[in-house]
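Here the structure is laid out as structure tokens; the discussion comes afterwards.
Read-outs throughout are calculated quantities, based only on the coordinates presented, and are distinct from any laboratory measurement. None of the values given here were measured: they were computed from a predicted structure. Don't worry about glycine lacking a Cβ; one is built from the backbone with ideal geometry, like all the others, and counts go over all protein chains shown.
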Amino acid sequence: MRIAMFSDTYLPQVNGVVTMVKLLKDYLEKAGHEVFIFTVSHPKAKPEENVFRFRSYQFPWEKQHRVASPMIFKEAEGMILDLKVDLIHTHTMIVMGYIGNIIAGRHGIPSVNTYHTLMEDYVHYIPFFNNFLKELVVDQTRRFCDKHSAIIVPSSKVKNLLRNYGVSSEIVVIPNGIELEHFETPFSREEKEAFRKRWNIPSDATIMIFVGRLGKEKGVEYLVDNLAKVSQKHPNTYLLIIGDGPERKNLISQAKKLGIKKKVIFTGYLKWPREVSLAYQASDFFVMASHTETFGVVLVEAMINGLPVVAFHDEAFDNIIENNANGYMVEQKDELYKAMDLLLSSEELRKKMGQTARKTAKKFSIENHVKETLKLYERIINGR
């Protein structure tokens, strides 16, 4: 099978979409298929076989992101026809995604989209007309999705959302997967202590860890607020933040105002997967406060490393978090504090929940994800 994937984000960018696109490419190739990535140019990009990059520009409000020039359409179309692909798989709903979708429609090529991101929750990055933009995003999402043969979503939450938007295309739930083997190797006590020392965290401290992009939609400010509260009862508690983004300066300022600047550790992006896995294993439990997730890959990563997890209730997590077994899903901000307090109060509870979390995470392998994706590809190509 010859598959073309269109994405407005790819390496060296670091985010959940990039991770899934790269994993899908690698594992499809391992299974004997040919995969071609059509994506944006990037000044720090390294050459990669069958990855084609097109002229792009830095996104005005988000300097980490890039947007392709619409003028590259003819070039991309010519390449697709030369490659004689069997299927086009779009991963984003920006320029590259639209180009892939239009080419598929023009030439009768079966097409699939993975709906990775709740686009309407990100319009706050554009300063004006938020309500109008939300309505526009919903309308464009419906139109975009209905031009594909099928839509892949990582959770029932996203399927229900797209149906509410009016999407009529087939929607298939295929949970995201991770490379479990990258996270199953235990680090030594010495390695974990060295990691803590590197970031000036005492060896006897309890660490709450967050991994992800530092954007408004991630709600990291709630984690900082609650660190200040739980520190009154548990003074030897630290918040380890792995990742970067536009909210970093605000979060540093917030921690300083709350008098906990030294207890909030910002590492920036770490090398994946080894350093990220070490960070998980050097920590005690995982926390997040986002309401905009479509699945929760970082939850699975934390859990396979033996960490219990705490998050706001989200339908996207229903198949991942089992309340009081491998972590806590909370409804209100004050419940976030209570969940943190429970885990900070009992090492035995953390270990017990962590063991259950590891068992849960093993269901979400990249192999399972690729197997189900291939079944869909074959069905779409064969017109069934």
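Does the stretch 214-365 come out rounded, prolate or oblate, given a ≥ b ≥ c as the square roots of the eigenvalues of its C-alpha gyration tensor, rounded meaning a/c under 1.5 and, failing that, prolate meaning a/b above b/c? The shape class here is rounded. In the stretch 180-361, a dipole from Cβ-located charges (positive for Lys and Arg, negative for Asp and Glu) runs towards its positive end, and of L240, Q355, M340 it is L240 whose Cα lies farthest in that direction. In terms of its alpha-carbon gyration tensor, the chain comes out prolate; a/c meets the 1.5 threshold, and the first ratio a/b outweighs b/c. Note down the net charge around I321, summing +1 for each Lys or Arg and -1 for each Asp or Glu among other residues with Cβ under 14 Å from its Cβ. Spelling it out: positives minus negatives among the neighbours equals -4. Net charge dipole, the chain: roughly 700 debye, given to the nearest 20, about the Cα centre with Cβ charges of +1 for Lys and Arg and -1 for Asp and Glu.
Pairs exceeding a 25 Å alpha-carbon distance, out of K261/K351; K84/K371; K74/K216; K46/K159; K249/K351: K261/K351; K74/K216; K46/K159; K249/K351. In terms of the mean number of neighbouring beta-carbon atoms within 10 Å, the peptides 326-332, 86-92, 349-355, 299-305 order highest first as 299-305, 86-92, 326-332, 349-355.
Entry note, the chain: the mean residue ellipticity at 222 nm calculated from DSSP H runs of n ≥ 4, each adding -39500 (n - 2.57), is -13000 deg cm²/dmol after division by the residues and rounding to the nearest 500. Working ranking of peptides 193-202, 333-342 by packing, defined as the average number of other Cβ atoms within 10 Å per residue, highest first, is 333-342, 193-202. Helix 366-381 and the long axis of the chain differ in direction by around 20°, with both axes built from C-alpha atoms.
Normalised by the residues of the chain, what does the relative contact order come to in percent, with Cα pairs under 8 Å and at least six apart?
14
Packing, as the average of other Cβ atoms within 10 Å across residues, places the peptides 311-318, 159-166, 34-41 in the order 34-41, 311-318, 159-166, highest first.
Using alpha carbon centroids, what distance separates the stretch 326-384 and the stretch 193-250, in Å? The distance from the Cα centre of the stretch 326-384 to that of the stretch 193-250 comes to 21 Å.
Overall shape: oblate for the stretch 57-122, with the ratio a/c of the largest to smallest alpha carbon gyration tensor axis at 1.5 or above and b/c at least equal to a/b.
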